Amino acid sequence: MTTGRDSKREYREAWEAWEAQLQRLHAFFLEGERIDPPVLKGLLNREARTKEQYDEARRRLLGIEE
C-alpha cells in the first residue's frame, strides 16, 4: 500500500514526465518543429504511455482504484 507521501511523489513525477512529452508534441504541432516520422511515432507512443501513468497516479492520489 502506498502512503499519502508516496502517492503525492508518484503523482508529481508522473505529471512531470507527461508534461515533458507534451512539450515535445507542442513543439511539433504548435511551433512547427521538424520531427522525422519514426521519431514522431515514438514520441506519440511515449506521450500516450506517460499519460496512462499520470492517470493511474492521479487515481491513486485521489483514492480511486480500478
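Backbone phi angles across the range 18-26, fed through the Karplus curve with coefficients 6.51, -1.76 and 1.60 (θ = phi - 60°), yield HN-Hα couplings of 5, 4, 4, 5, 5, 4, 5, 5, 5 Hz in residue order; Gly and Pro are listed as x.
Short-range pairs are left out: with C-alpha atoms under 8 Å and at least six residues apart, the relative contact order of the range 4-62 is 58 percent. Potential lengthening of the chain between GLU52 and GLU65 amounts to 3.3 nm, from the contour at 0.36 nm per residue minus the alpha-carbon distance. Taking Cα atoms only, the orientation of helix 37-62 departs from the longest principal axis of the chain by about 20 degrees. Couplings for the range 3-8, taken from phi via the Karplus curve 6.51 cos²θ - 1.76 cosθ + 1.60 with θ = phi - 60°, read 7, x, 5, 5, 4, 5 Hz in order; Gly and Pro are left as x.
Values in this text are rule-based calculations from the coordinates and carry no lab data. Remember, predicted model here, so these are calculated numbers, not experimental data.
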